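Engineer: Pasting a structure here, questions to come.
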Amino acid sequence: MQNKMKAIVFEEPGKAAVKNFELPKCGDDEVLTETIFSFVSPGTELRIFAGAKESKGRFPVIPGYSWVGKVIEVGKDVKGWDKGELVSGRTPIRIDGYTSLWGGQASHHSCKVTGYDALVKLPPGADPWLYTPVEVAAIAWRGTTIAFPAKGETAVVIGQGLVGILAARWLLWHGVKVIVCDMEEYRLEKSRKLGVFAAINAKTENLAEKMLSFCPGGVDIVIEASSSQSGVKLAASLLRQPASRKADCDYRPDAIRANAGFWPRIVYLATYVEENHLIPPVEGALILKPADRTVSDRLAVIKNIKNGDLNVDDIAEKPVSFEEAPSAYLRLRDNPGKCMSLVFKW
């Protein structure tokens, strides 16, 4: 077996490279995997690429947290796993002298099969390409499902970057009427193809009023996925009011009750560089800031992809070689209106 591996490294802000490393040893309670595709989460990885927030002062960095691969070695204490099985992984890889945020952009990983960072298996015989977005889609799945969307409700998603468009997809899957906004027509067109009720350019004058014209009285759920202060303020302004506060409108929701299940919900699904202090102008609201995806979220996404409920071609371009990473990250950074995400082929 070869003893070398490769990884994408952010050497400094705005500079990516591909480097060679020693192949990690497979522990007795681990499996060793070989990457087939790795998926770039643009918001997170471009933030790290820029040297902001978690990567500030911590270069060099190995980025990424979403990949699919196959098992090539099984530790002696691992039961129920076999060579050749296809997996989706998020396990960080640790290399001395390099910060792992979170190490997914690498050719190999030595992984646990239990616990928080456990690998999850793909269906036998699956096409790995179809499952490349599992880890990122699971973030949007968690952010959507914790709001308990119900068929017939109305929701707004602010921001149609990768996580935002995935949130819109899962809301549609739940039978919710979905309205979205973004500043890039390229993204809005993708959302329209998914079947959202309305896709509005965020540069529109009187944006809040424009969005509310599609849902008089406000919406049941707002998912803020833009990471912007303007998005946070917009989100708070769109929640439905109790009937006693909006007696002149045609929409008559039940009065807010002690049970939070009757309240409108606002989900802060993005990562924010600045803290936000904002009280929505409603009688009651459920404020949600999702934790990281769990194994059950990841498994739910795998099941939905298998059932044909998420098509990777709707959100990703054709894969490029990992050797192109130095130019690919620059292209992704400099063309937000033309590129939704990246997938590297290993």
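Engineer: Which one is nearest to K25 (Cα to Cα), of the residues in the range 95-113 that are touching a residue at least 12 places away in the same chain (Cβ under 8 Å) and part of a loop (DSSP other than H, G, I, E, B)?
Structural biologist: Of all residues in the range 95-113, those touching a residue at least 12 places away in the same chain (Cβ under 8 Å) come to 95, 97-113.
Next cut, part of a loop (DSSP other than H, G, I, E, B) only: 95, 97-98, 103-105, 107, 113.
Values: I95: 12, G97: 17, Y98: 17, G103: 16, G104: 17, Q105: 18, S107: 14, V113: 15 Å.
Filtering first and then ranking leaves I95.
Engineer: Next up: Would you check which residues across the range 97-106 are out of contact with any Pro (no Cβ under 6 Å at 6 or more places or on another chain) and crowded, with 24+ Cβ neighbours inside 10 Å and list them? Break it down stepwise before answering.
Structural biologist: Taking the range 97-106 and keeping what is out of contact with any Pro (no Cβ under 6 Å at 6 or more places or on another chain), we get 97, 99, 104, 106.
Scanning the range 97-106 gives G104, A106.
Engineer: In this structure, is G69 surrounded by 24 or more Cβ atoms within 10 Å (Cβ to Cβ) and of a type outside the set (A, V, I, L, M)?
Structural biologist: Values: surrounded by 24 or more Cβ atoms within 10 Å (Cβ to Cβ): yes; of a type outside the set (A, V, I, L, M): yes.
When the stated conditions are applied, G69 passes them.
Residue by residue, here is whether (1) within 19 Å of the chain's Cα centre (by Cα); (2) in the same structural domain as I165 (by TED's automatic domain parsing); (3) at negative phi holds:
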| residue | (1), (2), (3) |
| --- | --- |
| F39 | yes, no, yes |
| E54 | yes, no, yes |
| G57 | no, no, no |
| I62 | yes, no, yes |
| V78 | no, no, yes |
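Engineer: Looking at the range 161-181 only, could you name the residues that are farther than 14 Å from A235 by Cβ and without any contact (Cβ under 8 Å) to a residue 60 or more places away in the chain?
Structural biologist: Matches in the range 161-181: A168, W170, L171, L172, H174, G175, V176, K177, V178.
Engineer: Of all residues in the range 315-346, which are among the polar types (S, T, N, Q), out of contact with any Lys or Arg (no Cβ under 9 Å at 6 or more places or on another chain) and either surrounded by fewer than 16 Cβ atoms within 10 Å (Cβ to Cβ) or assigned to a helix (DSSP H, G or I) (or both)? Let's see the steps before the verdict.
Structural biologist: Of the residues in the range 315-346, the ones among the polar types (S, T, N, Q) are 321, 327, 335, 341.
Keeping just the survivors that are out of contact with any Lys or Arg (no Cβ under 9 Å at 6 or more places or on another chain) gives 327, 335, 341.
Selection gives S327, N335.
Engineer: Here's something else I'd like to know. Filter the range 291-314 for residues that are crowded, with 21+ Cβ neighbours inside 10 Å and part of a loop (DSSP other than H, G, I, E, B); which is modelled with the lowest pLDDT?
Structural biologist: Here the residue is R293.
Engineer: Kindly list, by first and then second residue, each pair from a residue in the range 196-216 that is on the phi < 0 side of the Ramachandran plot to a residue that is of a type in the set (S, T, Y), limited to pairs with Cβ atoms under 7 Å and residues at least 6 apart or on different chains.
Structural biologist: A199/S191; A208/S237; K210/T204; C215/T154; P216/Y251
Engineer: Return the residue satisfying two criteria in turn: it lies in the range 1-28 and is at pLDDT below 95 and outside any strand (DSSP E or B), and of such residues it is farthest from V320 (Cα to Cα). First the steps, then the outcome.
Structural biologist: Kept after step one, since they are at pLDDT below 95, are these residues of the range 1-28: 1-4, 22-27.
Cutting the leftovers down to outside any strand (DSSP E or B) gives us 1-3, 23-27.
On the way: M1: 26, Q2: 23, N3: 24, L23: 23, P24: 25, K25: 28, C26: 28, G27: 31 Å.
That would be G27.
Engineer: Oh, and also: Which of the residues belonging to the range 76-88 are without any contact (Cβ under 8 Å) to a residue 60 or more places away in the chain and either surrounded by fewer than 19 Cβ atoms within 10 Å (Cβ to Cβ) or over 21 Å from Q2 (Cα atoms) (or both)?
Structural biologist: K76, D77, V78, K79, G80, W81, D82, K83, G84, E85
The values are calculated or read from the model by the stated rules, or taken from the named source; none is laboratory data. Everything quoted here is computed from the prediction, not taken from an experiment. Every residue, glycine among them, receives a Cβ derived from its backbone with ideal geometry; neighbour counts consider all protein chains shown.
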